[in-house]
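S.K.: For reference, the structure I am asking about is given below.
What follows is calculated from the coordinates using simple rules that are stated; it is not laboratory data. Fair warning: this is a prediction, and the values are worked out from it, not measured in the lab. Positions of Cβ are generated from backbone atoms using ideal geometry, with glycine treated the same way; all protein chains shown enter the neighbour counts.
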Amino acid sequence: MDNIKELHKKYVLPTYAPEQLFVKGEGSWLFDEAGKKYLDFTSGIAVCALGHCHPAITEAITRQASKLVHISNLYYNENQPKLAEKLIKQSFHGKVFFANSGAEANEGMIKLARKWGSNDGKFEIIAMENSFHGRTLATLAATGRKKYRAGFAPDMPGFVFVPYNDIQALKKALNEKTCAILLEPVQGEGGVLPAEKDFLNQVRKVCDENKVLLMFDEVQTGIGRTGKFFAWQKYGVEPDLFSTAKALGNGFPIGAFIVKHQYTSVLQPGTHASTFGGTPLACAASLAVLGVIQEEDILKNCNEKSKILFDALEKMKTKFNTIVEIRGMGLMIGIVLDQNAAPLRQIAANLGLLLLTAGENVLRLLPPLNVSSDEVNMALNLLEQAFEEFTKN
Ligand SMILES: *Cc1c(COP(=O)(O)O)cnc(C)c1O
């Protein structure tokens with residue numbers, strides 16, 4: 001299997017620097033080429049929220065793959081409207097556009113906002129510092145981290161940034177050209193930082209008073225990650241449109257954005273499209289995901305395990321001085337350190353626990369939403385061991 005790593009290095013563009021090679025997954029566990037088991041608290045970056053190879057989803061994919069895979073959006077398919085209906089029932093009166101990734105879903109929202117504003121000469125979008133919205137040129141221009149944009153100048157025009165949770169700065173940035181405000185209800189890549197409730201309420205008010213669209217990026221927070229179906233439901237603040245993607249197919253690529261009924265005629269035939277968006281196969285996978293979330297009471301488990309983890313991590317904080325803060329929502333948890341978190345992540349991986357970082361100083365936990373109590377306890381033990389090793393000197 002060394003051969004595989006060599007092949008990768010020789011032929012795959014080095015935009016990532018992978019270490020382990022995994023050949024199999026089951027529930028919360030991954031297996032490397034030597035058969036070593038790892039407890040996966042990354043869920044493929046919040047994607048495999050129901051664990052690896054959930055049997056109901058594997059079954060739905062294989063069944064649909066032998067029936068009909070792709071026909072283009074020039075024709076109806078059986079699964080797309082059923083999935084759209086389910087997503088609308090979980091959100092608000094409106095309609096859905098299907099894409100394949102988070103960035104593509106966000107691109108669609110940005111286009112809708114510009115199209116909507118174009119009659120009034122409005123095109124500017126206010127985004128947040130430290131945000132992350134994707135790697136395409138428009139979503140990159142909306143991403144509030146200079147590091148990610150470096151070398152790709154000029155930035156696509158029309159985006160301005162304000163500090164997250166700063167309503168005064170946002171009001172100041174607002175002008176007659178503003179068509180929308182874009183934000184993550186909980187910043188993910190930026191450091192697992194939840195919005196303040198009052199901030200979101202104020203943003204909603206500003207949008208209503210100034211005829212500006214409120215757009216939430218729920219690519220990471222959506223589909224149960226925060227303990228509600230969508231994070232905005234946790235806050236009780238409705239956006240005008242929002243995107244989702246990561247967990248929507250449990251690993252089968254699918255993204256979507258959902259638009260309130262007032263704005264469903266902004267995009268007409270010919271104004272926006274996606275060849276692979278909402279194929280029968282992708283929608284079958286996603287329908288199975290939504291089915292499992294309901295049948296297995298996944299949100300309940302998410303909230304239970306969230307509480308156990310937050311309580312235990314607060315205790316761990318009193319034991320290790322390097323821990324500054326525990327923050328997040330549901331099973332999207334950040335352990336803020338007083339130093340770079342990457343070495344700790346490495347130590348945990350060596351112990352058999354896979355974790356992520358967010359920003360520079362935040363260790364990020366994204367376990368599957370159906371993680372068991374035993375697995376949570378195992379992860380906590382391994383994490384404590386990792387902290388002990390990390391703080392030894
Ligand atoms: C991951 C992520 C994206 C980008 O999604 P891709 O599928 O990688 O394009 C956008 N926004 C947020 C909040 C994300 O976490």
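S.K.: Report ³J(HN,Hα) in whole Hz for each residue of the stretch 214-220, in order, from the Karplus equation J = 6.51 cos²θ - 1.76 cosθ + 1.60 where θ = phi - 60°; Gly and Pro get x.
M.R.: 9, 10, 9, 9, 10, 4, 9
S.K.: Sorted by average packing, counted as other Cβ atoms within 10 angstrom per residue and highest first, what order do 242-248, 117-123, 41-47 take?
M.R.: Values: 242-248: 29.3, 117-123: 14.3, 41-47: 21.9.
Ranking the peptides 242-248, 117-123, 41-47 by packing returns 242-248, 41-47, 117-123.
S.K.: Just want the answer: with Cβ charges of +1 for Lys and Arg and -1 for Asp and Glu, which residue in I57, L174, P239 is farthest toward the dipole's positive end in the chain?
M.R.: The listed residue farthest towards the positive side: L174.
S.K.: Still on this structure, I have one more. Could you give the length gained by full extension between I4 and D311, i.e. 0.36 nm per residue of separation minus their alpha carbon distance, to one decimal place? Show your work: numbers first, answer last.
M.R.: On the way: separation 307, 0.36 × 307 = 110.52 nm, distance 4.14 nm.
Extending this stretch completely gives an extra 106.4 nm.
S.K.: Based only on other Cβ atoms within 10 Å, what is the fewest-to-most ordering of C207, C179, C283, C53? Let's see the in-between values first.
M.R.: Numbers: C207 19, C179 24, C283 28, C53 14.
Neighbour counts put them in this order, fewest first: C53, C207, C179, C283.
S.K.: Let me ask something additional. Could the peptides 347-354, 210-217, 265-272, 104-111 be put in order, highest first, of the mean number of other beta-carbon atoms found within 10 Å of their residues?
M.R.: 104-111, 210-217, 347-354, 265-272
S.K.: Could you give the alpha-carbon Rg of the chain over 2.2 N^0.38 Å, rounded to two decimals?
M.R.: Scaled against compact globular proteins, the figure is 0.98.
S.K.: Right, another one. As a test of the formula, what do you get for the chain when each DSSP H run with n ≥ 4 contributes -39,500 (n - 2.57) and the sum is divided by the residue count, at 222 nm and rounded to the nearest 500 deg cm²/dmol? Don't skip to the answer; put the middle values down first.
M.R.: Numbers: 14 runs with 153 residues, N = 393.
It lands at -12000 deg cm²/dmol.
S.K.: Compute the length gained on full extension between H261 and K89: take 0.36 nm times their separation in residues and subtract their Cα-Cα distance, giving the result in nm to one decimal.
M.R.: 60.6 nm is the gain from fully extending H261 to K89.
S.K.: Considering the dipole of the chain built from charges on the beta carbon (Lys and Arg +1, Asp and Glu -1) around the Cα centre, which of L287, P18, G44 is farthest to its positive end?
M.R.: The residue sitting most towards the positive pole is L287.
S.K.: Okay, next question. Which entries in the list K95/K197; K86/K147; K122/K146; K177/K260; K82/K228; K86/K307 go over 31 Å, if you measure between the two C-alpha atoms of each? Could the numbers behind the result be given before it?
M.R.: Numbers: K95/K197 26 Å; K86/K147 38 Å; K122/K146 25 Å; K177/K260 22 Å; K82/K228 21 Å; K86/K307 28 Å.
Distance filter (> 31 Å) returns K86/K147.
S.K.: A follow-up question, please. Please report the spacing between the Cα centers of the stretch 1-38 and the stretch 256-335 in Å, no decimals.
M.R.: 26 Å
S.K.: For N210 and A153, what is the calculated FRET efficiency with R₀ set at 25 Å and r taken between the beta-carbons, to the nearest 0.05? List each step's numbers first, then the result.
M.R.: Working: r = 30 Å, r/R0 = 1.21.
Efficiency computed from Cβ-Cβ geometry: 0.25.
S.K.: Can you list residues from other chains, or at least 5 along the same chain, whose modelled amide H is less than 5 Å from the amide H of H52?
M.R.: E26, G27, S28, W29
S.K.: Let me ask something else about it. Evaluate the relative contact order of the stretch 56-295 (contact order divided by residue number), counting alpha-carbon pairs under 8 angstrom at least 6 apart; express in whole percent. Don't skip to the answer; put the middle values down first.
M.R.: On the way: 448 pairs, mean separation 71.6, N = 240.
Result for the stretch 56-295 is 30 percent.
S.K.: Rounded to the nearest 5, what % of the DSSP beta bridges within the stretch 56-295 are antiparallel ones?
M.R.: Here the antiparallel bridges make up roughly 45 percent for the stretch 56-295.
S.K.: Charges at C-beta only: +1 for Lys and Arg, -1 for Asp and Glu. How large is the resulting dipole of the stretch 56-295 about its Cα centre, in Debye rounded to 20?
M.R.: In total the dipole reaches around 120 debye.
S.K.: Given H placed on each backbone N at 1.01 Å, which residues far from L21 in sequence or on other chains put an amide H within less than 5 Å of it?
M.R.: E33
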